[in-house]
1. For region 46-61, which positions are more than 13 Å from the chain's Cα centre (by Cα) and surrounded by 24 or more Cβ atoms within 10 Å (Cβ to Cβ)?
2. Looking for something over 18 Å from ILE249 (Cβ atoms) and touching a Lys or Arg at 6+ places or on another chain (Cβ under 8 Å) - is there at least one such residue anywhere in region 187-195?
3. Quick check on region 149-156. Is at least one of its residues under 16 Å from VAL39 (Cα atoms), of a type in the set (A, V, I, L, M) and crowded, with 20+ Cβ neighbours inside 10 Å?
4. Would you call ALA90 within 17 Å of LEU51 (Cβ to Cβ), touching a residue at least 24 places away in the same chain (Cβ under 8 Å), small (Gly, Ala, Ser) and not assigned by TED's automatic domain parsing to the domain that holds ASP262?
5. Just to be sure I understand, how many residues within region 250-284 are over 24 Å from GLU193 (Cβ atoms) and either polar (S, T, N, Q) or touching a strand residue (DSSP E or B) at 6+ places or on another chain (Cβ under 6 Å) (or both)?
Amino acid sequence: MRALGRALALGLCALGLALGGAARAEASLNAVDSTGATVILEAPPQRIAALAPHAVEMLYALGLGDRIVATVAFADYPPAAATIPSIGDAFNLSQEALWAANPDLIVVWGDAASPSLRQSLARRAPVFVSAPRGLAGVAAELRQLAKLAPARTAAPLAALEADWAQPLAPPASAGQRVLPLVSLSPPTALGPEHFFTQLLSSCGARHALPALPGIAPAVSREVLLAEARRGSPPLVVLMSVEPEGALDILPQGLPVLRLNPDLGTRPGPRLFEGQRRLCQLLGEAARP
């Protein structure tokens, strides 16, 4: 009888442990990052290392900016981000400074952090790899990051979703040819493989040089001259901080529109603002 009671007690104890483990599993916070890996937290993060400028913008957009304890160079938006300690840049980090910040979540840029670095960081804290590709990718990552702190992020995410749902103005001239340049010295374009081409398509425009290779190819003077001499030259959308005088590098005959580079090249929540601004600029340029 005593043995039966002991066995019953052990069984109840095991059941309690199993139920407790299940409850903890249900209570954990799960998100899927850009690699398809599931990031699991036992509680919402309180100290986040955001190691890419676009990741900083994402976290601020979700209402988590006050929980960022470490950033990297060029993490300059919103302005409050500039007050957070920087521990290097997206490609070169001071791990000593990172661990001194004691993060309980690390968000890295997939294009900058090597697999070996991610594995090394993951031994100390959960790592979310961020590498959004265009508007859909940004929206998907924001939704996933929001799952790690749902009580805090619910209202900001709802506001973002409502903004994304707003219709764009119809294109003023369908099929506009656009050459996106990110530098004039030397002339450097965003290739058709870059997500900026998605923004062009959403505005009813198309890349002027669809055969350009790579993400950020150089464009020769000869190609620019040939485009300027066409009967219908492309619009140049310049995303560069170079001064107005640098425009002399471009051949005459190429109309130029300026777009804030952060709105067209940084894969964060402001990419949607960039889409609207681009459509507006292209529409205004097409009107007589």
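1. Step one: filter region 46-61 for residues more than 13 Å from the chain's Cα centre (by Cα), giving 46-49.
Selection gives ILE48, ALA49.
2. Within region 187-195, the first condition is being over 18 Å from ILE249 (Cβ atoms), and the residues that meet it are 191-195.
After this cut, where a residue has to be touching a Lys or Arg at 6+ places or on another chain (Cβ under 8 Å) as well, the list is 195.
The answer is yes; a qualifying residue exists.
3. Here is the first cut: in region 149-156, the residues under 16 Å from VAL39 (Cα atoms) are 149-150.
From what is left, the residues that are of a type in the set (A, V, I, L, M) are 149.
If we keep only those that are crowded, with 20+ Cβ neighbours inside 10 Å too, we end up with 149.
Looking for residues that are under 16 Å from VAL39 (Cα atoms), of a type in the set (A, V, I, L, M) and crowded, with 20+ Cβ neighbours inside 10 Å, one finds at least one in region 149-156, hence yes.
4. On the way: within 17 Å of LEU51 (Cβ to Cβ): yes; touching a residue at least 24 places away in the same chain (Cβ under 8 Å): yes; small (Gly, Ala, Ser): yes; not assigned by TED's automatic domain parsing to the domain that holds ASP262: yes.
Criteria met by ALA90.
5. Residues of region 250-284 that are over 24 Å from GLU193 (Cβ atoms), as a first pass: 251-253, 255, 280, 283-284.
In the following step, the residues that additionally are either polar (S, T, N, Q) or touching a strand residue (DSSP E or B) at 6+ places or on another chain (Cβ under 6 Å) (or both) were identified as 252, 255, 280.
Total meeting the criteria: 3.
The values are calculated or read from the model by the stated rules, or taken from the named source; none is laboratory data. Just so it is clear, the structure is predicted and the values come from calculations on it, not from any experiment. Neighbour counts are summed over all protein chains in view; Cβ atoms, including those assigned to glycine, are modelled from backbone coordinates with ideal geometry.
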